[in-house]
Amino acid sequence: MDKTISDIQTEIRRQLAPIYPKREVLQIIFILLEQFGVSQVQAIAYPDAKISQTDYEKLQLQLKRLANGEPIQYVIGYEWFMGLKFIVNADVLIPRPETAELVQLIINQNNTNSPKILDIGTGSGCIAIALKKMIENAEVTAIDISEKAIKVAQKNADLNDTNVNFLCKSVFADNLQFTPASFDIIVSNPPYITESEKLQMRANVLDFEPHIALFVPNGNPLLFYKQIAEYAQIWLKNGGELYFEINERFGSETAQMLDNLSFSDIKTHKDFYQKDRMISALWNAK
């Protein structure tokens, strides 16, 4: 027997209310219904509309995964970022609003015609693909250590009809070579959460998202930033721009590291929560 939209909402609330806050359950309801072609407006206006038995059975499987704490983005298989749809699974981090702010900062500050951009640690490809879509004639290269992540990123480029040069490379690899002074912009959202911060994290992140993309040793929180900044000294053109998403706890330390490496115009930028979340800097070759 086909279920009505009202039945579905009741079922979702029954199964998830003991686990999720009330507001989050409401968000989940609309996200789950959207995948069956039911908009938020339709869900409210037409509660007696029905979904098929096949869709209902799919929903039941999804609710079991949600009840186990799995992020809804992995359960439905996608997330929206900068108005673009991205495939996500356990091989990549879920794109977050803070990262969208980083992309918007780059777009706002970009004054270069047809810039050459390098995205380091691309994951789902969200930064690289959004920059390619939104900066006219940008030429974008993106690297990641994970072959599985690169496969997801390439699918996302295809999904969004975008041409990005994806390479499976580690930023610590000996053979990671690009032509000196070849990029106008280098951007990275590298691992920046220290091991000691794990206890403060929600289980749906800690248990499901890839740790390789999240964590750094307690004693070396700037591990990736320093390596990338040293490469940026070689790969950035004179006047080129370096952008990082950062751990709010280490904003001043990251800025000081860049100053020690002779970057200029170093600026820390706050996210919409007023936390230090991004850093930009210029490279002026001597």
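Leaving ligands, DNA and RNA out of it, report the carbon-plus-sulfur percent of the accessible area of the chain at a 1.4 Å probe. Don't skip to the answer; put the middle values down first.
Values: 7030 of 14280 Å².
Ligands and nucleic acids excluded, carbon and sulfur reach 49 percent.
For the stretch 172-183, the Karplus equation 6.51 cos²θ - 1.76 cosθ + 1.60, evaluated at θ = phi - 60°, returns couplings of 9, 6, 5, 9, 7, 10, 10, 4, x, 6, 10, 10 Hz by residue, with Gly and Pro reported as x.
Taking the Cβ of Gln35 as the center, what net charge do the other residues with Cβ under 9 Å away carry, scoring Lys and Arg +1 and Asp and Glu -1?
Details: positive: Lys58; negative: Glu34, Asp55.
Its environment carries a net charge of -1.
For Gly240, nonlocal amide neighbours, meaning residues 5 or more places apart or on other chains whose placed amide H falls under 5 Å from its own, are Trp283. Accessible surface area normalised per residue over the stretch 118-172 is 43 Å², counting heavy atoms of protein chains with a 1.4 Å rolling probe. Normalised by the number of residues in the stretch 47-169, the average gap of Cα pairs under 8 Å and 6 or more apart makes the relative contact order 20 percent. For Gln42 and Glu197, a Förster radius of 35 Å and the Cβ-Cβ distance give a FRET efficiency of 0.30, rounded to the nearest 0.05.
Please give the net charge around Pro221, taking every other residue with its beta carbon less than 11 angstrom from that of Pro221, where Lys and Arg add +1 and Asp and Glu add -1.
Values: positive: Lys226, Arg249; negative: Glu195, Glu197, Glu253.
Computed value for this residue: -1.
In the complete set of protein chains, residue-level accessible area for Leu26 is approximately 70 Å², probe 1.4 angstrom.
Centroid-to-centroid, using Cα positions, the stretch 232-266 and the stretch 46-124 are 28 Å apart.
Extension gain, Ser114 to His211, is 31.5 nm, computed as 0.36 nm per intervening residue step minus the present C-alpha separation. Here the 3J(HN,Hα) profile of the stretch 124-137, calculated from phi with Karplus coefficients 6.51, -1.76 and 1.60 at θ = phi - 60°, is 5, x, 4, 5, 4, 5, 5, 5, 4, 6, 10, 10, 4, 6 Hz, Gly and Pro shown as x. Of the residues Ile212, Gly239, Phe178, the one whose Cα sits farthest towards the positive end of the charge dipole of the chain is Ile212 (charges of +1 on Lys and Arg Cβ, -1 on Asp and Glu Cβ, taken about the Cα centre).
Residue separation of Glu57 and Lys3 scaled by 0.36 nm, minus their Cα-Cα distance, works out to 18.4 nm of gained length.
What distance in nm separates the simple spin-label points at Asn137 and Phe172, each placed 7 Å from Cα in the Cβ direction? Result for the modelled spin labels: 4.0 nm.
Which FRET efficiency value, to the nearest 0.05, do you get for Lys64 and Glu230 by plugging their Cβ-Cβ distance into 1/(1 + (r/R0)^6) with R0 = 45 Å? Provide the component values of the computation, followed by the final result.
Working: r = 47 Å, r/R0 = 1.04.
So, using R0 = 45 Å, E works out to roughly 0.45.
When the Cα positions of Leu167, Pro97, Ser262 are compared along the charge dipole of the chain, Pro97 comes out farthest toward the positive end, with charges on each C-beta of Lys, Arg, Asp and Glu.
Based on DSSP, what percent of beta bridges with both residues in the chain are antiparallel, to the nearest 5? Don't jump to the answer; show the numbers that get you there.
Values: 17 of 37 bridges.
Of all bridge pairs located within the chain, approximately 45 percent are antiparallel.
May I ask which of Lys50/Lys85; Lys85/Lys132; Lys58/Lys85 have a Cα-Cα span longer than 24 Å here? The pairs that break the limit, which is 24 Å between Cα atoms, are Lys50/Lys85.
Within straight-line reach of Lys275, meaning a Cα separation under 19 Å, sit the following aspartates and glutamates at least 8 residues removed in sequence or on another chain: Glu98, Glu101, Glu197, Glu245, Glu248, Glu253.
The values are calculated or read from the model by the stated rules, or taken from the named source; none is laboratory data. Values in this document were obtained by computation on a predicted structure and should not be read as measured data. Methodologically, a virtual Cβ is constructed for each residue, glycine included, from the backbone with ideal geometry; neighbour enumeration extends over all protein chains shown. When the accessible area is computed, the model is the full protein with side chains, heavy atoms only, and any ligands, DNA or RNA have been set aside. Shrake-Rupley method; radii C 1.70, N 1.55, O 1.52, S 1.80 Å.
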